[in-house]
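Engineer: I have a structure here, written as structure tokens, and I will follow up with some questions on it.
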There are 2 protein chains.
Amino acid sequence: MAIAQLTADERAAAMEALPHWSVSREGLAIERKFEFGDFVEAFGFMTRTAILAEKADHHPEWFNVYNKVEITLTTHDAGGLSKRDVALAKQIDELV
Amino acid sequence: MAIAQLTADERAAAMEALPHWSVSREGLAIERKFEFGDFVEAFGFMTRTAILAEKADHHPEWFNVYNKVEITLTTHDAGGLSKRDVALAKQIDELV
């Protein structure tokens, strides 16, 4: 079953609950940048995130260099932002 | 001690030994794209690469989405490509 894209109101409400995330790709995605003490800390965070993502069957687009991690969340099945992105973002926030 | 950038001849010789990699950033980096069966396979590969990178104290710039991984190697201390990139690329190649 396809998952619905958030409405503008739903997106606004979601973003209030995710103050560390910003809307990107003209409203179709959200992103957050993280900085850690070193590569081991950054990759440790990525590993924990990877397990959450696999459990949720919802995977990030992400970039890492040394201690920096940039995560973008979007729902390809919805053609934009869905409640799955919001749920995963909240789980990721709880890791840091 | 700063590490030396490869000369053009050294770079050409290195690339012959790394047929799956291509030169990027006007000769200052090399990159390779990988595709796996699913996210768990892709992240498993990333985990093995992360351990190699940390052991070598030389870290990739990399991007992942689901089953795809894109790795760029460059040596910031050398301002471009060095033998460290070549050595790590060879180790990564041995993983797949």
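Engineer: Kindly state which helices (runs of 4 or more DSSP H) lie completely within chain B and contain at least 2 residues that are β-branched (V, I, T).
Structural biologist: Because the criterion is at least 2 residues that are β-branched (V, I, T), the helices (runs of 4 or more DSSP H) in chain B that meet it are B:39-56, B:83-95.
Engineer: Would you mind stating whether A:A29 is open to solvent by less than 10 Å² (accessible area, probe 1.4 Å) and either in contact with a strand residue (DSSP E or B) (Cβ under 6 Å, 6 or more places away or on another chain) or modelled with pLDDT of 95 or more (or both)?
Structural biologist: It is true that A:A29 is open to solvent by less than 10 Å² (accessible area, probe 1.4 Å) and either in contact with a strand residue (DSSP E or B) (Cβ under 6 Å, 6 or more places away or on another chain) or modelled with pLDDT of 95 or more (or both).
Engineer: OK, next. When only residues in region A:58-69 that are within 13 Å of the chain's Cα centre (by Cα) and more than 7 Å from chain B (Cβ to nearest Cβ) count, which is surrounded by the most Cβ atoms within 10 Å (Cβ to Cβ)?
Structural biologist: A:P60
Engineer: Scan region B:42-49 and tell me whether some residue there is more than 12 Å from every other protein chain (Cβ to nearest Cβ), open to solvent by 60 Å² or more (accessible area, probe 1.4 Å), free of Cβ contacts under 8 Å to residues at least 60 places away in the same chain and over 12 Å from the mean Cα position of the chain (by Cα).
Structural biologist: Among the residues of region B:42-49, not one is more than 12 Å from every other protein chain (Cβ to nearest Cβ), open to solvent by 60 Å² or more (accessible area, probe 1.4 Å), free of Cβ contacts under 8 Å to residues at least 60 places away in the same chain and over 12 Å from the mean Cα position of the chain (by Cα), which makes the answer no.
Engineer: Among (1) touching a residue at least 40 places away in the same chain (Cβ under 8 Å); (2) within 27 Å of B:D57 (Cβ to Cβ); (3) under 12 Å from the mean Cα position of the chain (by Cα), which single condition is A:A89 missing?
Structural biologist: All conditions pass for A:A89, except number (2).
Engineer: In this structure, is B:F36 open to solvent by 20 Å² or more (accessible area, probe 1.4 Å) and either aromatic (F, W, Y) or modelled with pLDDT under 95 (or both)?
Structural biologist: Here the answer is yes, as B:F36 does meet what is asked.
The values are calculated or read from the model by the stated rules, or taken from the named source; none is laboratory data. Given the structure is predicted, the values throughout are model-derived calculations rather than measurements. Every residue, glycine as well, gets a Cβ built from its backbone with ideal geometry; the counts of neighbours run over all protein chains shown. The protein model used for the area step is the full one, side chains on, heavy atoms only, and it has no ligands, DNA or RNA in it. Shrake-Rupley method; radii C 1.70, N 1.55, O 1.52, S 1.80 Å.
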